[in-house]
Amino acid sequence: MLLTNYHTHHDRCKHAKGDVEAYVKEAVKHNYAEIGMSCHTPHQNFPQMGTRRMDYSELATYFKDIEQAQKKYPQIKVLKALECEYFPHLHDYMTELKQQTDYLILAQHYIEIDGKFKDAFHFTKPEQLNVYASCIEEALATKLFAILAHPDVFMTLYPRWDEACEAATRQIAQAALDNDVILEVNANGLRRGKQTYQDGVRYPYPSEKFWSIIANEFPTVKVIVNSDCHNPAYLNDEYMQMARDMAKRLNLNVIERL
């Protein structure tokens with residue numbers, strides 16, 4: 001099995017440990033073929049995206065750190081990337097970032113409803129899922145993004161699997177298929193541990209029901225398993241293996257490298 005990871009954070013995002021080199025060294029230790037550094041996109045003037053990300057002034061240094069790692073560790077391919085939220089007014093900025101990176105990840109952590117920003121980790125209402133799926137559909141249609149991170153993150157606090165969940169899943173899957181975007185099975189949801197919901201005990205994500213729809217109704221959609229690690233020790237931990245096992249068990253169309 002070819003070992004890769006394309007969803008990797010570092011300490012500048014203010015909620016991770018370890019610098020760029022620490023993750024690359026960990027990847028080399030585990031004989032990874034490729035690693036993509038993909039920390040949260042900084043913004044000059046978008047406070048609604050929060051402060052748990054690098055400052056805009058650090059972006060150039062972040063890129064330079066990746067370039068230095070590329071030279072220092074020629075035995076592994078190190079890719080330059082960012083994890084982004086998409087809103088129409090950011091289109092030009094996202095286009096600029098795409099030109100400066102090897103790939104962009106879409107991670108729609110926030111949506112806007114009635115002028116207020118809602119966090120996808122705290123969705124509890126069907127209408128929030130409807131907006132979330134439509135935002136993703138719009139973003140993927142731009143062709144700016146190679147990977148859609150944790151597409152099922154909406155299940156984190158959502159109380160039970162229902163028709164809104166099914167509709168959102170199918171809308172997201174179709175958008176991925178139409179735009180040749182890879183869906184991500186995200187191991188970081190497993191690290192959060194099982195929790196109790198109205199319909200039983202489960203992990204916040206990845207969602208078995210979400211991925212079962214992908215496997216059964218959208219079998220050609222490309223899928224990748226990523227660690228979403230915020231600590232070098234998490235790059236290839238037991239939860240990453242659990243995510244790989246889940247993808248294999250469901251017979252998802254897994255690709256190993258971009």
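Side notes on the structure shown:
- Reachable lysines, given that their alpha-carbon falls under 18 Å from the alpha-carbon of Lys116 and they are not under 8 places away in the same chain: Lys125
- Computed extension gain for Val201 through Gln68, at 0.36 nm per residue and net of the alpha carbon distance, reaches 43.4 nm.
- Over the range 4-249, Cα pairs under 8 Å with separation of 6+ residues give a relative contact order of 20 percent.
- Straight-line reach from Lys209: taking Cα to Cα under 18 Å and skipping same-chain neighbours fewer than 8 places apart, the aspartates and glutamates in range are Asp152, Asp162, Glu163, Glu166, Glu184, Asp199, Glu217, Asp245.
- Sequence-separation-based contact order of the range 118-208, relative, with Cα cut under 8 Å and 6+ spacing, percent: 34 percent
- Ellipticity estimate at 222 nm from DSSP helix runs (n ≥ 4, -39,500 (n - 2.57)) divided over the chain, nearest 500: -11000 deg cm²/dmol
- Once Rg and the Kirkwood radius are both taken over the C-alpha atoms of the range 98-208, their ratio Rg/Rh works out to 0.97.
- Annotation: extensible slack from Asn45 through Arg249 equals 69.1 nm (criterion: 0.36 nm per residue apart, minus Cα-Cα distance).
- The distance between label points at Gln75 and Ala60 comes to 3.4 nm (points 7 Å beyond Cα on the Cα→Cβ vector).
- With neighbours defined as other Cβ atoms within 10 Å of a residue's Cβ, the residues Asp237, Asp245 order from fewest to most as Asp245, Asp237.
- Listed by chain and number, the aspartates and glutamates whose alpha-carbon sits under 16 Å from that of Lys72, ignoring those within fewer than 8 places in the same chain, are Asp19, Glu21, Glu26, Glu34.
- Cα centroid separation - the range 210-258 against the range 139-199, whole Å: 12 Å
- Taking the square roots of 5 times each eigenvalue of the Cα gyration tensor of the range 203-257, largest first, gives ellipsoid semi-axes of 21, 12, 9 Å.
- Backbone N under 14 Å from the Asp162 label point (7 Å along Cα→Cβ), restricted to the range 111-142: 123-131
- Candidates Ala120, Cys13, Met240 compared by Cα position along the dipole of the chain: farthest toward the positive end lies Met240, with charges placed on Cβ.
- When the listed pairs Lys25/Lys194; Lys64/Lys222; Lys29/Lys80; Lys80/Lys248 are checked against a 22 Å cut-off, the alpha-carbon distance exceeds it for Lys25/Lys194; Lys64/Lys222; Lys80/Lys248.
- Annotation: the residues Lys209, Lys64, sorted from fewest to most other C-beta atoms within 10 Å of their own C-beta, follow the order Lys64, Lys209.
A short reminder: the numbers here are calculations on the coordinates, not readings from a lab. As the structure is a prediction and not an experimental result, all values here were calculated from the model. Here Cβ is always computed from backbone atoms with ideal geometry, including for glycine, and neighbour counts include all displayed protein chains.
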